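Structure first, commentary second.
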Amino acid sequence: MKDYTELKQRVLSHIVHAELATYESVYAPSRGVITISNLMLFEPTATKYGMRKVLKELTAEGLIEYTSEGCPAIESIGEYHELICDAAPPINGYALTKKGFECETWLKASQQWEDNLRRMCES
């Protein structure tokens with residue numbers, strides 16, 4: 001039987017970084033949702049079976065959940081309303097749960113992200 005521990009950590013890391021990426025973009029949905037096909041792009045050596053197994057384990061542990069996030073249109077706020085970004089179909093995929101935001105992977109990545117922002121603002 002194959003050990004998927006390393007793949008499991010990498011997949012959780014990808015989901016964590018998808019959440020952090022939404023903090024930096026006005027065009028991203030309000031929650032970091034990543035599809036299984038995008039996860040497969042980040043892990044080209046993983047099989048579909050292995051990816052599904054890892055996602056199922058992370059879901060069973062309560063760290064992630066399968067969810068859907070809408071992508072509404074974005075309008076400018078000001079004197080003149082203008083469309084900045086068209087609405088898009090919802091994204092169906094995996095996102096962190098409350099327990100996921102308490103895990104070590106999240107805490108480490110978010111601390112590194114905050115440190116990078118601090119360094120950027122100081123320079």
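The values are calculated or read from the model by the stated rules, or taken from the named source; none is laboratory data. As the structure is a prediction and not an experimental result, all values here were calculated from the model. Reconstructed Cβ throughout: ideal geometry from the backbone, glycine too, with neighbour counts over all protein chains shown.
Observations
- Subset tally (residues that are surrounded by 13 or more Cβ atoms within 10 Å (Cβ to Cβ) and either of a type in the set (Phe, Trp, Tyr) or not in a loop (DSSP other than H, G, I, E, B) (or both)) for the stretch 22-41: 6
- Residue identified as touching a residue at least 24 places away in the same chain (Cβ under 8 Å) and within 20 Å of Leu20 (Cα to Cα) among Cys85, Cys103: Cys103
- Contact map, the stretch 55-73: first residue on the phi > 0 side of the Ramachandran plot, second residue part of a strand (DSSP E or B) and among the aliphatic types (A, V, I, L, M), Cβ cut-off under 9 Å, separation 6 or more or different chains; the map is empty.
- Residues (hydrophobic (A, V, I, L, M, F, W, C) and surrounded by 14 or more Cβ atoms within 10 Å (Cβ to Cβ)) located in the stretch 42-64: Phe42, Ala46, Met51, Val54, Leu55, Leu58, Leu63, Ile64
- For the residues Thr35, Thr59, the requirement of being at pLDDT below 95 and either of a type in the set (Val, Ile, Thr) or within 28 Å of Glu114 (Cα to Cα) (or both) singles out Thr35.
- Hey, Leu117 within 30 Å of Lys2 (Cβ to Cβ), in a helix (DSSP H, G or I) and either touching a Pro at 6+ places or on another chain (Cβ under 7 Å) or free of Cβ contacts under 8 Å to residues at least 60 places away in the same chain (or both) or not: no
- Within the stretch 1-54, the set of residues being in contact with a helix residue (DSSP H, G or I) (Cβ under 9 Å, 6 or more places away or on another chain), more than 30 Å from Cys85 (Cβ to Cβ) and of a type in the set (Phe, Trp, Tyr) comprises just one member, Tyr4.
- Output for the stretch 24-47, where each listed residue is touching a residue at least 12 places away in the same chain (Cβ under 8 Å) and not small (Gly, Ala, Ser): Val26, Tyr27, Pro29, Arg31, Val33, Ile34, Thr35, Ile36, Asn38, Leu39, Phe42, Glu43
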